[in-house]
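The values are calculated or read from the model by the stated rules, or taken from the named source; none is laboratory data. Please read these numbers as outputs of a predicted model, since none were measured by experiment. For neighbour counting, all protein chains shown are included, and Cβ atoms are generated from backbone atoms with ideal geometry for every residue, glycine included. Areas reflect the complete protein model, heavy atoms only, side chains present, ligands, DNA and RNA absent. Shrake-Rupley method; radii C 1.70, N 1.55, O 1.52, S 1.80 Å.
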Amino acid sequence: MNGYLMEADGTVTATTTDAVKQNISAGSFFWLDLIDLDAEGSDLLLNTFHFHPLAVEDAEHFGQRPKLDDYDDFFYLVVHGAQGDGGGTVEVHCFYSEKFLVTVERGQCSQFDDVRERASRRRQQGARSNIMLLYRIIDALIDSYFPVLAALDEQIDTLEDEILAQPTEAQLGTLFTMKRSLVGLRKVITPQRDIFANLAASDSALPGMTPESERYFRDLYDHLIRISDLVDSYRDLLTGAMDTHLSTVSNRLNLVMKQLTIIATIFLPLSFITGFFGQNFGVMISHITGWAAFVFLGIGLQILVAIGLLVLFRRRSWL
Amino acid sequence: MNGYLMEADGTVTATTTDAVKQNISAGSFFWLDLIDLDAEGSDLLLNTFHFHPLAVEDAEHFGQRPKLDDYDDFFYLVVHGAQGDGGGTVEVHCFYSEKFLVTVERGQCSQFDDVRERASRRRQQGARSNIMLLYRIIDALIDSYFPVLAALDEQIDTLEDEILAQPTEAQLGTLFTMKRSLVGLRKVITPQRDIFANLAASDSALPGMTPESERYFRDLYDHLIRISDLVDSYRDLLTGAMDTHLSTVSNRLNLVMKQLTIIATIFLPLSFITGFFGQNFGVMISHITGWAAFVFLGIGLQILVAIGLLVLFRRRSWL
Amino acid sequence: MNGYLMEADGTVTATTTDAVKQNISAGSFFWLDLIDLDAEGSDLLLNTFHFHPLAVEDAEHFGQRPKLDDYDDFFYLVVHGAQGDGGGTVEVHCFYSEKFLVTVERGQCSQFDDVRERASRRRQQGARSNIMLLYRIIDALIDSYFPVLAALDEQIDTLEDEILAQPTEAQLGTLFTMKRSLVGLRKVITPQRDIFANLAASDSALPGMTPESERYFRDLYDHLIRISDLVDSYRDLLTGAMDTHLSTVSNRLNLVMKQLTIIATIFLPLSFITGFFGQNFGVMISHITGWAAFVFLGIGLQILVAIGLLVLFRRRSWL
Amino acid sequence: MNGYLMEADGTVTATTTDAVKQNISAGSFFWLDLIDLDAEGSDLLLNTFHFHPLAVEDAEHFGQRPKLDDYDDFFYLVVHGAQGDGGGTVEVHCFYSEKFLVTVERGQCSQFDDVRERASRRRQQGARSNIMLLYRIIDALIDSYFPVLAALDEQIDTLEDEILAQPTEAQLGTLFTMKRSLVGLRKVITPQRDIFANLAASDSALPGMTPESERYFRDLYDHLIRISDLVDSYRDLLTGAMDTHLSTVSNRLNLVMKQLTIIATIFLPLSFITGFFGQNFGVMISHITGWAAFVFLGIGLQILVAIGLLVLFRRRSWL
Amino acid sequence: MNGYLMEADGTVTATTTDAVKQNISAGSFFWLDLIDLDAEGSDLLLNTFHFHPLAVEDAEHFGQRPKLDDYDDFFYLVVHGAQGDGGGTVEVHCFYSEKFLVTVERGQCSQFDDVRERASRRRQQGARSNIMLLYRIIDALIDSYFPVLAALDEQIDTLEDEILAQPTEAQLGTLFTMKRSLVGLRKVITPQRDIFANLAASDSALPGMTPESERYFRDLYDHLIRISDLVDSYRDLLTGAMDTHLSTVSNRLNLVMKQLTIIATIFLPLSFITGFFGQNFGVMISHITGWAAFVFLGIGLQILVAIGLLVLFRRRSWL
């Protein structure tokens, strides 16, 4: 069993089952932060905390949708955050009551180190709001989306410029990957937003919730709306970028074909003329022999046709 | 009449009309699981159970929308699941009251064997919650969607890679088939989700529903939301894949046309020059006879033109 | 005035104004089924039945949106069905009160013959529920959509296969026609669905409505939801088919262009070589005369170039 | 100040400030119909009627969204209609209380002449419902959309046929113009519909509204829903037409390219053969001299190649 | 600390902390307009006004979503306007209570100069409605969108014409930029609209709100709906313009390819014929020697083929 156990006074101690039991029996608020729930951890949740089997089962299987379930004696909350390196989402399961906060995370959330350190310091200084600790954990997770979205914003902008400069197939792959990660983000942001929308309105208040702390939770909701708006607008922009790609490629194709057509339209007639005078008709060979014939028919005619075609192209404003 | 009849104590016996009548008169809860409703079965439902004709008519015709109808003396519930081999959906019609559970399925639901076995064992051990039996049946059906969706997810990913590598027409057919099956899934998932959303909120509680079992039904709702979210996001990704296909093909076309244009732009002028010197003008034949003429006009000019065009292409960064 | 008049006891008599007046004064329920409202019919509705002018005006002008209006002393209901031969919709206007049911239809609804016959038989046998008569009429109209939709389903499937096999312009026309008829269906199905959704919930119950008959009307609502779901999913599939058509054509174009490019890339250089040796330079004609020159330059060089290009194509996996 | 003043008894008199003041002091209902609000008109509204400055300001600036504002002592209503010649929308501002109806219109609404004439006649005959006068004015405006929409419907149909027959760029311009006018229609229809939806439900009834006249206003709502449905479905069809255009052009392109490819695939190899036998190799000229050589190599080979290619094309079903 | 301080009587004085403190202790309403919140300003808000830290933190970080937060002793309102030169949005944070209005803006809002001047004059004349001052500030911000939208409207129109005249890649860039700025506008307009929608309905009225001033705020809501409608319709038009671009380019490509195909279809067969008679078969050279052969085979055949092809093209209506 791996993790951190912060006691009511802010001291962080070992996360043994005994230490947890002691804290429970002491009855003062503590924060147990478990990393990668193992068998011992599951056992602790089920048999020491006596959490509902459904909640423990969910905590054991990551990949849950963000949700807030009220289990009478505790609240079960699933929150997602963005991974620092932009690769995916971080998923944290919280069991919260007025006596404890248990968080279960997959891997180690880098966002929590900072929260733990500050919370420890605050508690040692006497500031011991439990609900604000929960707020700070969720806040850290939600704020982790902003740098990821800012990076996406920039990426879309760059990609759009690149597409207009030179559309390639690699860009299509990037567009699809970005769309996929936006779809993924949307899937965790929307339910999260709805949870915090209802939190303010609902009467099933989290224990320890005060009008003051509610303000902070409403601020979280505000951030989630902003994130959700951003995700929607990036989605729109990606669709636009895909359309731009298609249109740009079509445009390029048009230009290439115009060039081919110009070349063919000039040289096919000219080649026909040279072919004509390359025919082996006896009369032609024996009669068209002088300099005049060569200059007028062999050279002049060609130049005339070429000039005529160029004039035609200019008129159609193709050149 | 084909199926299974599980009595209150968990024993599974023959599904004869008499056995059913006995169980009804005994008054203890039993589960009748009918496979492919035949005339005898219909008769049983109508005349022994005295179910409403509308409900029996629906049960006789598969292809119903998921729904929950309250017929005063029993509930009529239609639930869909995914077929194990991904080929389509499984449709189960349930008649549920506090005295019995009657399920009608087309073909044999492989998901039910496991449920029946466990339920039988539990009942023999004394655990006899009727509503939890219903829960387990629905749970088995709903959980059958997850492997199908996971397979779809992988398929979309593979397809996207294939499209970017080499777009073919077969992929378009696959995309359309996948879209069609998603449209089909959506058609059964959405109403199912709505049923379980209302179940929690409604006052017309299923008989035997306790706060504890309600938690489990709310968990079903949770799963259905997740499935519905997945279906929506795959739909989005399929549209994206279709766009990628079109754009990739356009891009390839552009490359092919560029190559054609380069070839034509180089060789049409060169052919014109060879054609020019192949003309049968007497003066040309009789005057352009020396080595110098051949080297300068016949070879040098050609090389010059070819080099000139290559330089031009490089400048336009076409090569 | 053309139509059918069914009296309370199920006998069908002539539809004269006098017969109607007699029935009204008799005070027992009757069904007047008018086909193509003429001046006499309008007069009957206005001056004998004393219907509200707005309702009669609507009944005179077909092309109404499905709706249910409560005119205090009667209900005015507009319902649409599908024409048997799939060509369009059938529109029926019903005036319903506890004393009568008046239906006005354009042309003769083939769906009604069957309803009338059965209703007549039932009434003669003593089963005289007025609200169930209304239900059966609406049921006949709504069920008429299913074969039309099944035909559409099959048509989309066939079309999709045809598009993948060989995209043509005729398919585009068919796609557009199908989209148009779906748009038309949607326009009448959605309001119809909303009417029956509200019917169950509303307190302005139709006269004669019992909990039992309400069940049947809720079943109508169920059917309408199913139809509406189908229409939406076909719409989705049509859009998909249009995209497939465009992508398939693009793909074909790509293949055609590849072939053209291969042909041109092989034969333009070869033609250049033959052109080269067809030039009339004196030195060339007088020096390149032996068999060796012909075999090496005239034949060998050509084969070499051709083989080189084929190898190149194979490497790019074009052949 | 230009317009019409209809007094309570139906007589239409001059629209001078004095006449208006007289009517106000008389206290009987009158209709003042102002055309193009000038300074005198504004002054009348502000200082004689004592309308709220915000309402008068709105009336002075056309381009308002349809709305219904309750200014305690009068209702301010903005309604839009379609111009008879299909060119745009007509905007009418109404100030309505139980004592008067003031309408302000830009230009002269051709729809009003008829309304005024009939209202005048009715009033002279003693029928003096104020609310029905308002109804008739709005009805005239709303019904003006139907011919415009019918024209659009026909235009879409014709356009679709033209696109399938021969796609041109002019059609794209027409499509865009139609889309723009639909977007414009939608912008005025949707809020108008919402006004009349609320009118029925709201408790802030217009003065003089009776259950009977409410029926008429509900009929207006009905018409607006129908118009709104039509606008939405035309929008759908226009998008479909745009897709059809793109697909048709792509298809034509494909056909053109096929033809080019066939021509090139036949004549490039043939030209290569003629080029081959046009080479000036001494051995070739001196040895290939007989009739047999000419017939077999010069003619037979060509025909063979041509036939071979045609067979190939037929097999690929290109011809 | 930079800004303007308007006292209750309309005089504008220096914005020092002392002056603010004096005004607070005086207890009469004043308007403090801060430009670019610096450390001193933040300190003033936190420690002199005692605003909630969350509100001050938001005010320090621009880029907030429009919102209205009720902090018991004051309201915190974020409003966005358009920049005069169309480049982006202006963001203003307002702290409003019955005792003061504090506005914080980034850079200097050009819209405020006019508001300040008029408010000062009005106050000196004795008109001192606090809520109307807030209204005028918001009104100035919201009205700043209209010229920006009018410019967009014209730009879309021009662009559409340009695309139909000659589609270029630069237009695609412009389209994308416009789409992006519309997405940005939408992101600030929608929440702003929702704030003012609720303002009218809510019971948490702003201090000083009267039925009269509420009318003005409802007018703001009206404007925001109009702006929001415009943004949506422009979005639609931009999508349409993108489609038109793609279709136009495809159409042009089709025309170019038609020309190429015509040229190739005419000259490839002709070149083949000249090539044929340029072959060096002895029998051909020695037998086809007369004038007749030259005229019929060398010239007549060519003209015949050319005419034949032209007739063919005309029949297919290609020329």
Which chain C residue comes nearest the axis with its C-beta when you rotate C onto A, and by how many angstrom?
C:Gly278, 4
For the protein assembly as shown, with +1 on Lys and Arg beta carbons and -1 on Asp and Glu, the positive-most of B:Phe112, B:Phe276, D:Leu54 along the dipole:
B:Phe276
Using amide H atoms built 1.01 Å from N in the peptide plane, name the residues 5+ places from B:Glu91, or on other chains, whose amide H lies under 5 Å from its own.
B:Gly81, B:Arg106
Note the distances from C:Lys21 to each other copy's matching label point, with points 7 Å along the Cα-to-beta-carbon direction, in nm, sorted shortest first.
6.1, 6.1, 9.9, 9.9
Could you tell me which of rounded, prolate or oblate describes region E:30-97, using a ≥ b ≥ c as the square roots of the eigenvalues of the alpha-carbon gyration tensor, with rounded for a/c under 1.5 and, failing that, prolate when a/b is larger than b/c and oblate otherwise?
prolate
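Please work out the FRET efficiency for the pair C:Ile307 and D:Gln83, using the Cβ-Cβ distance as r and a Förster radius of 45 Å; give the result to the nearest 0.05.
0.05
Over all directions, the average projected area of the alpha-carbon convex hull for region B:194-252 comes to how many nm²?
On the way: hull surface 18.7 nm².
The Cα convex hull of region B:194-252, projected and averaged over all directions, gives 4.7 nm².
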Radius of gyration and maximum dimension Dmax of region A:1-154, Cα, Å
15.2, 52
Dipole magnitude of region D:1-103 about its Cα centre (Cβ charges: Lys, Arg +1; Asp, Glu -1), debye to nearest 20:
160
Where D:His93, A:His50 fall by accessible area, highest first, once all protein chains stay in place (1.4 Å):
A:His50, D:His93
Could you check which residue among B:Leu206, B:Leu77, B:Leu304 shows the biggest mean-square fluctuation in a GNM of chain B with a 10 Å Cα cutoff?
B:Leu304
Per residue, how big is the convex hull of chain C when only Cα atoms are used? Give it in Å³.
198
Between region A:208-284 and region C:108-122, what is the separation of their alpha carbon centroids in Å?
60
Give me the percent of the accessible area of the protein assembly as shown that comes from carbon and sulfur atoms, probe 1.4 Å, all protein chains in place.
54
Within chain E, which whole H helices from DSSP have a Cα span along their axis of at least 24 Å and a mean Kyte-Doolittle hydropathy of 0.0 or more, if any?
E:145-165, E:169-201, E:211-276
Accessible area (Å², 1.4 Å probe, nearest 10) - E:Trp291
140
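Mind checking the dipole of the protein assembly as shown: about its Cα centre, +1 per Lys or Arg Cβ, -1 per Asp or Glu Cβ, Debye to the nearest 20?
On the way: 130 positive and 205 negative charges, 1816 e Å.
For this selection, approximately 8720 debye.
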In terms of solvent-accessible area of protein heavy atoms at a 1.4 angstrom probe, what is the ranking of A:Lys179, E:Lys99, highest value first?
E:Lys99, A:Lys179
Once all protein chains are kept in place, D:Phe313 shows an accessible area at probe 1.4 Å, nearest 10 Å², of 0
If one builds a Gaussian network model of chain B from Cα atoms under 10 Å apart, the most fluctuating residue listed among B:Val92, B:Val104, B:Val12 is B:Val12
So what's the back-of-envelope 222 nm ellipticity for chain C, counting only DSSP H runs of four-plus at -39500 (n - 2.57) apiece and dividing by all residues, rounded to 500?
-21000 deg cm²/dmol
Mind checking the full-extension length gain between B:Glu162 and B:Arg316? Use 0.36 nm per residue of separation minus the Cα-Cα distance, one decimal, nm.
52.3 nm
Enter the accessible area of E:Val78 (Å², nearest 10), with the probe set to 1.4 Å and all protein chains included.
0
Return the long-range amide H neighbours of B:Lys67 (sequence gap of 5 or more, or a different chain), with a cut-off of under 5 Å between placed amide H atoms.
B:Val78
At q = 0.04, 0.06, 0.07 Å⁻¹, what log₁₀ I(q)/I(0) does the protein assembly as shown have when each alpha carbon counts as one equal point scatterer in the Debye sum?
-0.40, -0.85, -1.09
Name the residue farthest towards the positive end of the dipole of the protein assembly as shown from the options C:Ile189, C:Ser286, E:Met6, assuming +1 on Cβ of Lys and Arg, -1 on Cβ of Asp and Glu, about the Cα centre.
C:Ser286
What list of ³J(HN,Hα) values in whole Hz, one per residue of region B:33-39 in order, does the Karplus curve 6.51 cos²θ - 1.76 cosθ + 1.60 (θ = phi - 60°) give from phi, with Gly and Pro shown as x?
10, 8, 9, 6, 3, 9, 4
Rounded, prolate or oblate: pick one for region C:122-260, where a ≥ b ≥ c are the square roots of the eigenvalues of its C-alpha gyration tensor, a/c under 1.5 means rounded, and failing that, prolate if a/b is larger than b/c, else oblate.
prolate
Do the alpha carbons of any pairs in D:Lys187/E:Lys67; A:Lys67/E:Lys67; C:Lys67/D:Lys179; A:Lys67/A:Lys99; C:Lys179/E:Lys179 sit beyond 23 Å of each other, and which pairs?
D:Lys187/E:Lys67; A:Lys67/E:Lys67; C:Lys67/D:Lys179; C:Lys179/E:Lys179
Go through B:Phe296, C:Phe30, C:Phe62 and list them by solvent-accessible area, largest first, probe radius 1.4 Å.
B:Phe296, C:Phe62, C:Phe30
Student exercise, region C:59-114 dipole from Lys, Arg, Asp, Glu Cβ charges, in Debye to nearest 20:
160
Treating the point 7 Å from Cα along Cα-beta-carbon as the label, what are the nm separations from C:Val283 to the other copies, to one decimal?
2.3, 2.3, 3.7, 3.7
Shape call, region E:70-154: gyration tensor on alpha carbons, a/c limit 1.5:
oblate
Aspartates and glutamates whose Cα lies under 17 Å from that of B:Lys21, excluding same-chain neighbours fewer than 8 positions away
B:Glu7, B:Asp9, B:Asp33, B:Glu40, B:Asp43, B:Glu98
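Rounded to the nearest angstrom and ordered from largest down, what semi-axes does the equivalent ellipsoid of region B:194-319 get from its C-alpha gyration tensor (root of 5λ)? Provide the component values of the computation, followed by the final result.
On the way: eigenvalues 1337, 28, 9 Å².
Each semi-axis is √(5λ); the values are 82, 12, 7 Å.
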Quick one: label points 7 angstrom along Cα→Cβ at A:Asp113, distances to the other copies in nm, smallest first?
5.2, 5.2, 8.4, 8.4
